[in-house]
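Participant: For reference, the structure I am asking about is given below.
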Amino acid sequence: EAQVTQNPRYLITVTGKKLTVTCSQNMNHEYMSWYRQDPGLGLRQIYYSMNVEVTDKGDVPEGYKVSRKEKRNFPLILESPSPNQTSLYFCASSPTSGRSDTQYFGPGTRLTVL
Amino acid sequence: GDSVTQMEGPVTLSEEAFLTINCTYTATGYPSLFWYVQYPGEGLQLLLKATKADDKGSNKGFEATYRKETTSFHLEKGSVQVSDSAVYFCALSLRGFNKFYFGSGTKLNVKP
């Protein structure tokens, strides 16, 4: 089944404890992206990647890191999480970086930082 | 800057009522426009899209027309069902910039 998977689905952590949220897609997509969803703000793009070893900042990259060493994986790293990073996170992928491409979303990761 | 504005919810309708969810955008170039839907506890999935002015996207009885003159992409459905209850997001992407902008989402509740 073609899909985007994220792990973990739920995570409660404490301020300053480094964490990684994994994202993997099995559709051989070139483009991958991370978003955070907050009430009243919709989805905001954190980072995106157009292909292996090519990443760039979205609108809200502060406090996050990403890497794209393999085409299928695009982990999101929070090196020193803070409470304002409590949010619902979505990974998405699309076949190319074309502006009309459909994005396919993972099921989401709900992160709470205490 | 580039952005998407959509009407605030929640929108509550009775089954078989007509639905309109307004969406307007600001963009420096010629965007593609999308409507995504999020069912409870799930990720977003594409509902429909339009890539140039005057295009109409349609799917599952939903429609939206890309209006360049009014910078709008309003979502409509003639007769909603309880199963349409979800959060709807309007979004745009710009040629060459590889970024996506989403509206704040509109929650739709359909009552039997």
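Participant: What size of dipole, in debye to the nearest 20, comes out for chain B about its Cα centre when the only charges are +1 on Lys and Arg C-beta atoms and -1 on Asp and Glu C-beta atoms?
Facilitator: For chain B, the charge dipole is close to 300 debye.
Participant: How far apart, in nm, are the 7 Å Cα→Cβ label points at A:Asp56 and A:Arg110?
Facilitator: Here the modelled spin labels are 3.4 nm apart.
Participant: Once you've got the Cα coordinates, tell me which of B:Lys68/B:Lys99; A:Lys69/B:Lys56; A:Lys65/B:Lys60; A:Lys65/B:Lys52 are over 28 Å apart.
Facilitator: Those over the limit are A:Lys69/B:Lys56; A:Lys65/B:Lys60; A:Lys65/B:Lys52.
Participant: Over chain A, what is the percentage of antiparallel beta bridges among all DSSP beta bridges, to the nearest 5? Please report the intermediate quantities before stating the final value.
Facilitator: On the way: 33 of 37 bridges.
If I count the DSSP bridges inside chain A, around 90 percent turn out antiparallel.
Participant: For A:Ser100 paired with B:Ser3, estimate the spin-label separation in nm (one decimal), with each label point 7 Å from Cα along the Cα-to-Cβ line.
Facilitator: 2.9 nm
Participant: So for chain A, taking the charge dipole from beta-carbon charges (+1 Lys/Arg, -1 Asp/Glu), which of A:Phe74, A:Gly16, A:Gln85 sits furthest toward the positive end?
Facilitator: A:Gly16
Participant: Another one. Please rank B:Ser32, A:Ser24, A:Ser33, fewest neighbouring Cβ atoms within 10 Å first, as an exposure proxy.
Facilitator: Numbers: B:Ser32 22, A:Ser24 18, A:Ser33 28.
Going from least to most buried by this count: A:Ser24, B:Ser32, A:Ser33.
Participant: Now for a different question. Multiplying the sequence separation of B:Lys111 and B:Leu13 by 0.36 nm and subtracting their Cα-Cα distance, what value in nm do you get?
Facilitator: 34.7 nm
Participant: Quick check for me: using +1 on Lys/Arg Cβ and -1 on Asp/Glu Cβ, what's the dipole size of chain A about its Cα centre, in debye to the nearest 20?
Facilitator: About 260 debye.
Participant: Restricting to Cα pairs below 8 Å that are 6+ residues apart, what does the relative contact order work out to for chain B? Please round to a whole percent.
Facilitator: Computed value for chain B: 37 percent relative contact order.
Participant: Follow-up question, since we're still on this one. Please state the relative contact order of the stretch A:10-114 as a whole percent: Cα pairs under 8 Å, 6+ residues apart?
Facilitator: The value is 36 percent.
Participant: Over the Cα atoms of chain A, how large are the radius of gyration and the largest Cα-Cα distance (Dmax), in Å?
Facilitator: For chain A, the Cα-based Rg and Dmax read 13.2, 39 Å.
Participant: Right, next: Would you please state which residues of the stretch A:46-75 a label at A:Asn26 would reach in this model, taking the label point 7 Å out along Cα→Cβ and a backbone N cut-off of under 19 Å?
Facilitator: Within reach of a label on A:Asn26, which here means backbone N under 19 Å from a point 7 Å along Cα→Cβ, the stretch A:46-75 contributes A:70-75.
Participant: Which of A:Cys23, A:Cys91 comes first, and how do the rest follow, when ranked by fewest Cβ neighbours within 10 Å?
Facilitator: Fewest to most other Cβ atoms nearby, the residues stand as A:Cys23, A:Cys91.
Participant: Another question about this same structure. Given an 8 Å cut-off on Cα distances and at least 6 residues of separation, report the relative contact order of the stretch B:23-66 as a percent.
Facilitator: Normalised by residue count, the contact order of the stretch B:23-66 is 28 percent.
Participant: If you place +1 on the Cβ of every Lys and Arg and -1 on the Cβ of every Asp and Glu, how big does the dipole about the Cα centre of the protein assembly as shown come out, in debye to the nearest 20?
Facilitator: Its charge dipole is roughly 500 debye.
Participant: When only DSSP loop residues count, what chymotrypsin sites (Phe, Trp or Tyr not before Pro) in the stretch B:18-112 have their Cβ near at most 14 other Cβ atoms within 10 Å?
Facilitator: In loop regions of the stretch B:18-112 (DSSP not H, G, I, E or B), the sparsely surrounded chymotrypsin sites (Phe, Trp or Tyr not before Pro) are B:Phe18.
Each reported figure results from applying straightforward, stated rules to the coordinates on display, with no laboratory input. Bear in mind that the values here come from a model prediction, so they are computed numbers and not experimental data. Cβ coordinates were reconstructed from backbone atoms using ideal geometry, including for glycine residues, and neighbour counts include every protein chain displayed.
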